[in-house]
Amino acid sequence: MRDETGRVGSDVVDGHPVEGSPPEFHIPVMVQEVVEGLITDPSGIYVDCTFGEGGHTLEILKRIAGHGGKVIGIDKDLEILRYAEKRLKPFEGSFELFHGPFSNVDLILRGLKVRAAHGVLFDLGVSSYQLDAEQRGFSFDKEGPLDMRMDLQSPRKAEDAVNGLKEAELEKILRAYGEEPFSRSIAKQIVLRRPILSTLELVEAVRAGIPVKVRQKMRKHFATRTFQAFRIHVNRELEELENGLAKSLQILCQGGRIVTVSFHSLEDRIVKNFFRDHSTKEGSGSGLKIITKKPLVPSEEEVYRNRRARSAKLRIAETL
Ligand SMILES: C[S@@+](CC[C@H](N)C(=O)[O-])C[C@H]1O[C@@H](n2cnc3c(N)ncnc32)[C@H](O)[C@@H]1O
């Protein structure tokens, strides 16, 4: 299936039954801006740390494959790698895919004997594939188990946190990772209703924890923040992002780019602070030059075509 380094063999894909696959692939967000921000040398090596359904990788490959460039794709989700690898068939030989956390990007490059990369991309969050697959438990509008793991081999599911943590710990997770103003009453409702075993049971606990008048005025679904909080907790998303950014600095060549697309303020703040903390005045040695003083956002037209893009923020920095 995959070797001990996490590498996904192409034999895995051929003949692999892809069950419950959505009919369409995830639409990559701000794809032109990402590709233009990332590629500085078409013969370079680019790391797509969040390969997902390969939408960004595909666009990068279109620009670089004929010039000797290469993409290394990483994802925690082995199922998605198998599902999406087939899309890259025309570019065989110009990419390598790896299963694992992007915080291992340095080890993966070392295993490939790659000394430095020209660009690293982080398109954060979950993909349409994961959201659409009800058995993965990411979606609050589909009945499914309380799973929410990006990596199905990891031991910790959302169900364990929801049913196992103390009320005060639940409240903390909801506040810290969901920025949920009703964290206390939602945590209380969760504890009252345990065991909670499905996504829709969790939605009911959230419903009971938020006053009806507040719920009616909400622009987003009232369970959005709670689901975000448990997803971040289960997948250690913020720690991963901090580690992934730090590792990027170690593997990029001079003039290499870090491109991030984030979808909520917690992620964006981590990127913004990381870029700021590592920014150096040009000529003063190592560090980062911030290319996007303010984050780029999608055009109205893109948001119209792809609602998922509406909260995207794109940031770019370059190593000095
Ligand atoms: C928004 S999707 C990427 C979509 C992709 N850019 C495309 O165009 O198809 C994010 C992906 O990153 C993966 N992911 C999130 N955090 C990760 C991490 N720490 N390590 C590896 N993969 C991660 C998720 O499993 C998901 O497939």
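The values are calculated or read from the model by the stated rules, or taken from the named source; none is laboratory data. It should be emphasised that the depicted structure is a prediction, and the values quoted were computed from it without experimental measurement. Heads up, the Cβs are rebuilt from the backbone with ideal geometry, glycines too, and the neighbour counts pull from every protein chain shown. Protein only, heavy atoms only, side chains kept; ligands, DNA and RNA dropped before computing areas. Shrake-Rupley method; radii C 1.70, N 1.55, O 1.52, S 1.80 Å.
Descriptive notes on the structure:
- Set of aspartates and glutamates with alpha-carbon distance to residue 89 below 16 Å, sequence-local pairs under 8 removed: 11, 14, 53, 59
- Difference of contour (0.36 nm per residue) and Cα-Cα distance, residue 114 to residue 242: 43.8 nm
- Once the mean of 1/r is taken over each pair of separate Cα atoms and inverted, the chain shows a Kirkwood hydrodynamic radius of 20.5 Å.
- Projecting the Cα atoms of 158, 148, 224 onto the dipole axis of the stretch 148-235, where Lys and Arg carry +1 and Asp and Glu carry -1 at the beta carbon, places 224 farthest toward the positive end.
- Estimated from helical segments only, the mean residue ellipticity of the chain at 222 nm is -12000 deg cm²/dmol, where each DSSP H run of four or more residues counts as -39500 (n - 2.57).
- Point-charge dipole on Cβ atoms (K/R +1, D/E -1) for the chain, about Cα centre, debye to 20: 1160
- Degrees, to the nearest 10: 55-64 long Cα axis against longest axis of the chain: 10
- Only alpha carbons enter this Debye calculation for the stretch 148-235, each as an equal point scatterer, and the log10 of I(q)/I(0) it gives at q = 0.15, 0.21 Å⁻¹ is -0.49, -0.95.
- Stokes-Einstein diffusion coefficient of the stretch 40-199, Kirkwood radius over Cα pairs, 10 °C, 1.306 mPa s, in µm²/s: 90
- Alpha carbon centroid spacing (whole Å) that separates the stretch 256-320 from the stretch 101-142: 18
- Packing, as the average of other Cβ atoms within 10 Å across residues, places the peptides 214-226, 45-57, 308-320 in the order 45-57, 308-320, 214-226, highest first.
- Proximal aspartates and glutamates relative to residue 294, as straight alpha-carbon distance under 16 Å, when same-chain residues fewer than 8 apart are discounted: 33, 267, 268, 277, 318
- Efficiency of FRET from Cβ geometry, residue 176 and residue 218, R₀ 22 Å, rounded to 0.05: 0.60
- Fluctuation leader among 135, 254, 153 - the chain, Gaussian network, Cα springs under 10 angstrom: 153
- Per DSSP, loop GluC sites (Glu not before Pro) in the stretch 225-292 with at most 11 further Cβ within 10 Å: 282
- Comparing 114, 198, 309 along the charge dipole axis of the chain, the residue lying farthest to the positive side is 309, per the Cβ-charge model.
- The stretch 148-235 - charge dipole about Cα centre, Lys and Arg +1 at Cβ, Asp and Glu -1, debye rounded to 20: 380
- The mean sequence distance of close C-alpha pairs (under 8 Å, at least 6 residues apart), as a share of the length of the chain, puts its relative contact order at 18 percent.
- Label-point gap, in nm, between residue 43 and residue 142 - each point 7 angstrom along Cα→Cβ: 4.5
- Counting only protein heavy atoms and a probe of 1.4 Å, the accessible surface of the chain is 50% carbon and sulfur.
- One decimal place: the segment residue 253-residue 86 gains 57.1 nm when fully extended, by the rule 0.36 nm per residue minus the C-alpha distance.
- The charge dipole of the stretch 59-134, taken about its Cα centre with unit charges on the Cβ of Lys, Arg, Asp and Glu (plus for the first two, minus for the last two), comes to roughly 500 debye.
- For the chain, the per residue solvent-accessible surface stands at 48 Å², with DNA, RNA and ligands left out and a 1.4 Å probe.
- Only one residue of 58, 105, 255 has its Cα farthest out toward the positive end of the dipole of the chain, where Lys and Arg carry +1 and Asp and Glu -1 on Cβ, and that residue is 255.
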